[in-house]
Structures are given as C-alpha cells and as structure tokens.
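The values are calculated or read from the model by the stated rules, or taken from the named source; none is laboratory data. Everything numeric in this text was worked out from a predicted model, so none of it was measured. Cβ sites come from the backbone with ideal geometry, for glycine too, and all protein chains shown count toward neighbours. Just the protein is used for accessible areas: all its heavy atoms, side chains included, with ligands, DNA and RNA removed. Shrake-Rupley method; radii C 1.70, N 1.55, O 1.52, S 1.80 Å.
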Amino acid sequence: MSNTQQMVKELVDKHGNDRTNLMAILQGVIDRERSLNDEAITEIAREMDLSAAQVYGTASFYTFLDTQPRGEYVIRVCRTITCDMKGKREILHMLENLLKVNVGETTPDKKFTLLETNCLGWCHKGPAMLINDKAYTELTVEKVKDIITEIKHNS
Amino acid sequence: MAEKKQLKRVDIIFTEECNFKQVLSEALQRSDDEIIQSLLDSGLRGRGGAGFPTGMKWKFTAQEEADERFIICNADEGEPGTFKDREILFKVPYKVFGGMAVGAKVIGAKEGYIYLRGEYKFLLDDLQKQLDDFHKLLDELGLDFRIHIVTGAGAYICGEESALFESMEGKRGEPRNKPPYPTINGYKGKPTVINNVETLVYALTICRLGAERFKSLGTNDSRGSKVFSISGDTPIPGIYELELGMTLENFVEEFGDGDTKSVQVGGAAGFCVPRKDFKDTIIGFEGVPTGGSMMLFNSSRSMYNVIHNYLEFFEEESCGQCTPCRVGCQQLLLGVEAVKRGDKPISYLDELLKLTETMKLTAKCGLGQSVANSFASIVDNFKEEMIY
Ligand SMILES: Cc1cc2nc3c(=O)[nH]c(=O)nc-3n(C[C@H](O)[C@H](O)[C@H](O)COP(=O)(O)O)c2cc1C
Ligand code: SF4
Ligand code: FES
C-alpha cells in the first residue's frame, strides 16, 4: 500500500464512505498534504464507490481544496475591500519580497505558497491573512517579517 | 442640524447565561405551538440577509410529513464586511447550540449541523469541546438530538442555503432551483430548517425573555436588535448590537470619521448609500436591509475601486452554473474597466446597468440577482468617479 492509499483508507475509515462525508475526507487530505493529487482523487473515488470525475468535480469547485501542488505553508492574503483600504498591497509586496515569489507561486523549497483570497471575516482588524488554518490580523510589514522569520526558524 | 441621537446599544446576544441549563430546560418544556407562537409574535426575521420570519420557517418545516428532518446553522459568513457570526460562535457558542436544540424539538429533528466556513476552522477544536459538554446537558434534559460540525472550503456561494445542502451532500456547491424551499426539500431532500447563527441565538432568547421584550425594540417591520459588523473608515470598527430602525444619518454620526462619503449596507450584495440619502435611509427591512455588514467610505476613497473590488469578488465567487451570472459578472468587470480607460463611452454604463437588470430577473440564485444592488447604487450615485 502506498502512503496515499494508506492515508485515504484511514480517512474513509474515520469518516465513513457515504458521499456526505466527501468534503471531510477531501479536507483531511488537504490538512496533511496541502493539495490533492491524482492518486488521492482516484483512491478516494475507489474507497467511496464514486467515479473519479465525481470526486474531482467536487474538489475543483472549492478554493481551499487545491488540486495544484502547494507548499507546506499556504498563505492567503485577503484582497477584499476593507483590507485593500487598510494596506493589503504593502503586505502582499512584503511577502513577495520575503519569499521571492509572485502571488500564485510556491517557493522552490516547497515551504510557502502565496495566494490571495476573499474576505476572511476580520475586516475590522484588517489587513488580514490566513496561514493554513491560522488567522493573522492587523498586519503591518514589520509583523509580516516577524511571522515569516518565525516560521522559517521553527521548521 | 438634526439633533444628535445616541444609538441604542443592546446587550442580548453576548450576555452570558448564568444559568443556561435552566434556560434551556424551561424552553424545552414549553409546547411546540407555544414556542412557534412566541416566535411569530416577536416578529423575529432571519438575520442572514433574506429576512424570512423565523416562526413561519419552523412552523412550515414541522408541518411537513417526513421520516426525517434536519436543523442547520448557517455559519458560512462569507459576505464581505460581515464578521459577527465568528464572534458569536467564539463567545457564546452554547447559545447557538441551545437555539438549535429548541428548533430541533419543535420540528422533530434528531440531527443538526453547523456549516462552518473553512476560514473559521481555527474555531473548530474549541467548538467541538463545548459541543461535547452540550450533548451531556441534552442527555440530562432528555432530548434526543445531536449536533455535528462540518466545514466549508472557501466558497462564498455555499452560504446560499441550497448550495450549502449540496456541499454537505459532497457535491459542488451549486444552488438548486427554488421552489421547492428547504422547509419541504432541504438537506438530503428532507424538510430542513436553516438559520443564521444570530437568528438561532435570538430564537432561544425569545423563549427566555418572551416575545414582548424583543418586540419592544425596533420598528414595525424590523423588530428587535441586530448584531452589526462595522468596518472601513471608522475610528471604532468592530461588532455592535444595536436596536433596529435607526437612520443612516444617526449611524454615521456615531460611527463615521466626520468625512463619510457613503456607506455600503449589506456587503457586496447590498446597497451603497451616498451622503445625500443618509437622512432618509432607515436600516432595516423597511429601508435598506443588512445581514449586519456596514462598510464606511470617506471622501479619500475611489468608488470605482470599490465597485471594481466587488465585481472581482462576484466574478470569482459565481458558481458558473447559469449564464446570466457567469457571463454577466465578467462583462460588468471588463465593462467598467473599459469605461475607465476611455475605450468605451460613458453611455456604456447604461448598457451595463441594463445587463444587471437582466441578471436580476434571470439569474438562478441570490448571488447573480443581487449584483445589480451594489452596481446600480454605486454607478448611479458616483458616475463621475467611474470615468475620471
Ligand atoms: C450568495 C448568498 C450567500 C449567502 N450567505 C449566507 C451566509 O453566509 N450566512 C447566512 O446565514 N445566510 C447566507 N445567505 C442566506 C441563506 O441562503 C439563508 O437565507 C439563510 O441562511 C437563512 O437563515 P435566516 O432565516 O436565519 O436568515 C446567503 C444567500 C446567498 C444568495
Ligand atoms: S446566479 Fe451565479 S451563483 Fe447563482 S446559480 Fe447562477 S451562476 Fe451560480
Ligand atoms: S475585507 Fe479582509 S477580512 Fe474582510
């Protein structure tokens, strides 16, 4: 059994193979791998008795169910109006400079992926971003430097 | 000058229930009819945006013949400028669970779900812990009901109730045709009550305080209080529970920075109200309704940037299922850009306005239908900013 097969089997055993559990299973793969590759999709389809097209159809609908390879830390900077007004552009530039990637790209060491996203529900404390599931608010360029330094340092 | 009027702050949603067990137990002992009647009497309307009377929703669902029914808490909170449900779930989740339990008893549901947006996953562990305690409480009180938390994955459209059911069923979050409504055909095709987080807390509170107390707040069409998410150009952004029925003028006096040019009421799907209309605009179902989102813009802001940002949002979040919305959002975005660049004449804005009218009539769900709200209210009121 490959690692992916093993992981999918564990997730399906945990949540159950009814289609209503598909989102939870797809999210389970994302939590571990940060993206869904073809093997994961076909394995989920097999374990749940669905077609790969059904699984892919669902996965590709959701922004957070990435089917492109992603880094270990997926950064999503809010680009919606309030964060935009509160200086989202400087935050994004800082991240691009620190990570040496453009929005949409992953660092060569596969550590970080930099993305934009829509309103995160922290507009009163913008600019805001998510790194994986964690929310960071009231960002300044200084804060962003510290956050990235700390992640690099800890891993 | 109008007299400066302090807006009435209300403290219902976030107050701790010291004796929650007793509150819940008393609510559960009341008859189903009694509970529905007090919700109807209270005038409570849904806090998620559409404003359907909550008592009717529960009543219709309870009346349906079915072997299974569900109650769902809509915690997808994706409307730009809305963040109050997060705070409610963070501070007083047990009240949300309690509202669901009372609803479950009334409609006869054994299973309930909270659909939590993926962006709020950080709340999950704590919510689950509190939910485990709540389930113990239900066992003590003898109610056969369980709540499950499911999470979304970054799709605004899944806040639309039928898209939310599709998502829970493991499918693409594409809205269904309505009717049938969820009260008849909801999750897994069963009669389903779906309510906003805040609505459920008010429902529980009305059981405790009685319909009269709630009804004494607000206006005829907009009873009670509401939790507002206030952001943008304001010195005091944040979450406030206010009595409904205030004018925008009073609102801006309290929350503006002295230079407020316009307020977007109800998020990207809502309406932009310019300064000249503040005085005559009531925030509520008789005026401009809102799910709570209030974004203030001062005169340093370009309204072109605002509508451009909203259109980018809609273009990306449209599920793409129906043509008026999928193509319409793209064309609106390209259209305003072309006018701004000078590639299209000013009159082209009128064609775009017509397009939004078509979308309002022909789009399948509220997303495509509501693009006209912000588009028309911004373009009509700030035409010169679209060009220069
Ligand atoms: C595009 C779209 C997004 C929506 N998003 C939400 C949401 O995030 N939260 C919510 O409670 N209702 C949302 N709604 C409204 C729901 O469809 C539904 O009316 C609401 O959950 C009913 O609850 P209520 O009666 O308590 O307001 C949305 C509607 C549309 C058309
Ligand atoms: S109006 Fe837009 S979001 Fe709604 S069903 Fe049509 S394409 Fe999807
Ligand atoms: S606009 Fe960025 S969190 Fe809402």
**Message:** What number comes out for accessible area per residue over the stretch A:93-151 if the probe is 1.4 Å? Units Å², please.
**Reply:** 46 Å²
**Request:** Sort out for me the Cα centre separation of the stretch B:1-63 from the stretch B:194-237, rounded to whole Å.
**Result:** 8 Å
**Asked** Tell me which lysines have Cα within less than 20 Å of residue B:360's Cα, excluding those fewer than 8 residues away on the same chain?
**Response** B:178
**Request:** Using the Karplus curve 6.51 cos²θ - 1.76 cosθ + 1.60 with θ = phi - 60°, work out ³J(HN,Hα) for each residue of the stretch A:97-104 in order, rounded to whole Hz, and write x for Gly and Pro.
**Result:** 5, 5, 8, 6, 9, 9, 4, x
**Request:** Could you tell me which of rounded, prolate or oblate describes the stretch B:323-373, using a ≥ b ≥ c as the square roots of the eigenvalues of the alpha-carbon gyration tensor, with rounded for a/c under 1.5 and, failing that, prolate when a/b is larger than b/c and oblate otherwise?
**Result:** prolate
**Request:** Working with all protein chains in place, sort A:153, A:124 by solvent-accessible area computed with a 1.4 Å probe, largest first.
**Result:** A:153, A:124
**Prompt:** If you roll a 1.4 Å probe over the protein assembly as shown with all protein chains in place, what percent of the accessible area is carbon or sulfur?
**Reply:** 47 percent
**Message:** Looking only at the protein assembly as shown, where both bridge partners belong to it, what percent of the DSSP beta bridges are antiparallel (to the nearest 5)?
**Reply:** 50 percent
**Item:** Heavy-atom SASA rank of A:56, B:202 (probe 1.4 Å, accessible area, largest first)
**Value:** A:56, B:202
**Asked** In the stretch A:41-86, which residues give up 30 Å² or more of accessible area once the other protein chains are added, compared with their chain alone (1.4 Å probe)?
**Response** A:61, A:62, A:63, A:64, A:79, A:80, A:81, A:82, A:85, A:86
**Request:** Kindly write out, for the stretch B:23-33 in residue order, the coupling ³J(HN,Hα) from the Karplus curve 6.51 cos²θ - 1.76 cosθ + 1.60 (θ = phi - 60°), rounded to whole Hz, with x marking Gly and Pro.
**Result:** 4, 5, 4, 5, 4, 6, 7, 6, 6, 4, 4
**Å² per residue, accessible surface of chain B at 1.4 Å** = 39 Å²
**Local electrostatic count, residue B:370, Cβ distance below 13 Å [Lys/Arg +1, Asp/Glu -1]** = -2
**Item:** Heavy-atom SASA rank of B:310, A:136 (probe 1.4 Å, accessible area, largest first)
**Value:** A:136, B:310
**Request:** At most 14 other Cβ atoms within 10 Å plus a DSSP loop assignment makes a site exposed; report the longest stretch of chain B without any exposed GluC sites (Glu not before Pro).
**Result:** B:69-285
**Request:** Might you report the magnitude of the Cβ-based charge dipole of the stretch A:73-154 about its Cα centre, with Lys and Arg at +1 and Asp and Glu at -1, to the nearest 20 debye?
**Result:** 40 debye
**Relative contact order (%) - chain A, alpha-carbon pairs under 8 angstrom, separation at least six** = 19 percent
**Message:** If you restrict to DSSP beta bridges whose two residues both lie in chain A, what percentage is antiparallel, to the nearest 5?
**Reply:** 55 percent
**Asked** Label 7 Å along Cα→Cβ of residue B:128; the stretch A:14-28 residues with amide nitrogen under 12 Å?
**Response** A:15, A:28
**Prompt:** In the stretch A:98-128, what residues drop by 10 Å² or more in accessible surface going from the chain by itself to the full protein assembly, probe 1.4 Å?
**Reply:** A:118, A:119, A:120, A:121, A:122, A:123, A:124
**Message:** What does the charge count around residue B:202 come to, taking other residues whose C-beta lies under 11 Å from its C-beta (Lys +1, Arg +1, Asp -1, Glu -1)?
**Reply:** +4
**Request:** Identify unpaired cysteines across chain A, taking unpaired to mean no other cysteine Cβ lies under 4.7 Å from the residue's Cβ.
**Result:** A:119, A:123
**Message:** If each DSSP helix of 4+ residues adds -39,500 (n - 2.57) and the sum is divided by the residues in chain B, what number results at 222 nm, nearest 500 deg cm²/dmol?
**Reply:** -14000 deg cm²/dmol
**Request:** Check the straight Cα-Cα distances from residue B:279 and name the lysines below 19 Å, setting aside those fewer than 8 residues away within the same chain.
**Result:** B:4, B:5, B:8, B:261
**Request:** Could you tell me whether the stretch B:239-388 comes out rounded, prolate or oblate from its Cα gyration tensor? Rule is a ≥ b ≥ c as square roots of the eigenvalues, rounded for a/c under 1.5, then prolate if a/b exceeds b/c, otherwise oblate.
**Result:** oblate
**Gyration tensor verdict on the stretch A:3-61 (Cα atoms; rounded if a/c is under 1.5, prolate if a/b is larger than b/c, oblate otherwise)** = rounded
**Where a label projected 7 Å from the Cα of residue A:52 along Cα→Cβ would reach, residues of the stretch A:5-35 with amide N under 18 Å** = A:5-9, A:26, A:35
**Request:** Would you mind calculating the relative contact order of chain B from Cα pairs under 8 angstrom and at least 6 residues apart, reporting the percent as a whole number?
**Result:** 18 percent
**Request:** Give, as a single signed number, the net charge of other residues whose beta carbon lies under 10 Å from the beta carbon of residue B:51, with Lys and Arg counted +1 and Asp and Glu -1.
**Result:** +1
**Message:** Output needed: percent of Cα pairs per 20 Å distance bin for chain B, bins running from 0 to the one holding the longest distance.
**Reply:** 28, 56, 15, 0
**Item:** Antiparallel DSSP beta bridges within the stretch A:66-155, percent to nearest 5
**Value:** 55 percent
**Asked** So which residue, out of A:100, A:14, A:86, gets the largest mean-square fluctuation from a GNM of chain A using Cα contacts under 10 Å as springs?
**Response** A:14
**Relative contact order (%) - the stretch A:73-154, alpha-carbon pairs under 8 angstrom, separation at least six** = 38 percent
**Item:** Heavy-atom accessible surface that B and A bury in contact, both chains counted, 1.4 Å, Å² to 100
**Value:** 3100 Å²
**Prompt:** When the Cα centres of the stretch A:76-91 and the stretch A:1-56 are compared, how far apart do they sit, in Å?
**Reply:** 34 Å
**Asked** With heavy atoms of protein chains only and a 1.4 Å probe, what residues of the stretch B:136-167 have at least 50 Å² less accessible area in the full set of chains than alone?
**Response** B:153
